[in-house]
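A short worksheet on the structure shown next.
We did not get these values from a lab; they are worked out from the coordinates using the rules stated. Since the model is a prediction, treat every value here as computed from it, not as a measurement. Here the Cβ is made from the backbone with ideal geometry for all residues, glycine too, and neighbour counts use every protein chain on show.
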Amino acid sequence: MKVIFFGLGSIGQKHYRNLQMICKERDIPLDVSAYRSRKAEHETPSDIHMIYETNEIADDYDVAFITNPTSLHLETLHMIKNKAKYFFVEKPIFEISYAVDEFIENKEAYYIAAPLRYKSIMTELKKFIEDKQVYNARVICSSYLPEWRKDDYKKSYSADPNLGGGIELDCIHELDYVISLFGFPTETKAMYAKKSHLEIKSNDSAAYLLDYDDKIVEVHLDYYGQFSQRKIEIITDDDLIVCDFLENSLTSKRTGEFIQVKEDPNQMYLNELTYFIDNVMTSKENNNNIVHANEVLKIAKETN
C-alpha cells in the first residue's frame, strides 16, 4: 500500500501507527511518505520518507491522509485529488462549507473521519434504541481547553478561527453522530460565540436545535467546562436512556439495565481505519463521504 500523509501531528501519527499495525497483521507491504512545507520541529518516524517540495509528490498513491490543519484541507485536496485513489480526511472536512461539485464524480473515494461512530458503546446505543420511539435527545460535550491542549492552549489551532479552530468545528463529532443516529433534521437553529475568560479568538460555546418530524434534539458544546462531560440523554415514550461516552456506559432509567464496555481509547480509531480499508478502499460503502460531511458542516457552521 502506497500512502502519503499531509500533516504528521498527533492525530496523523496516530493514524500512521494504526495503519502500520493493520498492515503488519495482514502482511500488506507499506510504503509511506509525508509532505511538509518546512522541516518538522518534532521528531518524525524514521521509516517515513519526508517530502518538502510539491514536485516530489508522486502520481500513484493508494491513499492520501489529510491530517493537516482544517484550513489547509481544500488546498491539499486540490493538490492531491488526481494523485491518489482514496482519501482519508480528518474532521471537519473544511473550516466552512465549500461547493464540492468538482469532487462529486468521485465522492465515494473521500472518507471524512468520524471516530465516535466506531466506539463499542455507540454500537450498543444504536441497538438499544432501534425499536424505541424517541421524542427528544439532549447532547453535551464539555471540556476545559487548557487541559485538552496542554502545551499552550492559546497557541493551539483550537484557539485560532483562521486555522479552523472553534468549538463548533472541534466537536463536530456530536452533530455527526446525532445525524448518524437519527438522520438529517428538517430544520436547524444554531448559536455560537466566545463567552468565557479563555484567551482565544475562536468560539468557545455552541448550541444547536435540530427539529425532526417526530423529535427535537438539543446539542451543547463548550471549551470551558471544568468537569468533562460527553454524553447523550434520550427521552422515549417510556424511558430515559443515558449513554456516557467518557465512562463507556449506557443506562436505562426505567429498567435499571446498565451496560459498560471496557475499551482502549485507541480502539475506535483502529475500528474506523479498518472500516476505511475494508469498505471505502474496496468501493463497497462509504458512510461519511465528502458530500455527507459537507452537509453536516453546513449545520455546524452556517446556520444562524
Fewest first, what order do F182, F227 take by the number of other Cβ atoms within 10 Å?
-> F227, F182
Using a Förster distance of 30 Å, the FRET efficiency for I96-C23 (Cβ separation, nearest 0.05) | 0.30
Entries of K24/K81; K127/K301; K83/K119; K14/K150; K85/K284 with Cα pairs more than 24 Å apart | K24/K81; K127/K301; K83/K119
What share of Cα pairs, in percent, lie more than 19 angstrom apart in segment 2-113?
-> 43
Length gained if S10 through S46 is fully extended, taking 0.36 nm per residue and subtracting the Cα-Cα distance, is 11.4 nm
Amide N proximity, segment 187-225 versus D152 label position 7 Å along Cα-to-Cβ, cut-off under 16 Å | 199-201
Tell me, what HN-Hα J-couplings in whole Hz come from the Karplus equation 6.51 cos²θ - 1.76 cosθ + 1.60 at θ = phi - 60° for each residue of segment 262-272, using x for Gly and Pro?
-> 8, 8, 5, x, 7, 4, 5, 6, 5, 4, 5
For the chain, what size does the Cα cloud have along each of its three principal axes, sorted from largest down, in whole Å?
-> 60, 44, 37
Relative contact order %, the chain, counting alpha carbon pairs below 8 Å whose residues are six or more apart = 21
Final fewest-first order of S142, S202, S46, S228 on the 10 Å Cβ neighbour count is S46, S228, S142, S202
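Summarise the long-distance tail of P(r) for segment 120-262 by giving the % of C-alpha pairs beyond 22 Å.
Summing the P(r) tail past 22 Å for segment 120-262 gives 43 percent.
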Run the quick spin-label model on E53 and Q267: label points 7 Å from Cα toward the beta carbon, then report their separation in nm to one decimal.
-> 4.7
Descending packing, highest mean Cβ count within 10 Å first, for 162-172, 26-36 is 162-172, 26-36
Note to self: C-alpha centroids of segment 165-231 and segment 239-259 sit apart, in Å, by 21
Here the gain from full extension of E105 to T255, 0.36 nm per residue of separation minus their alpha-carbon distance, amounts to 49.1 nm
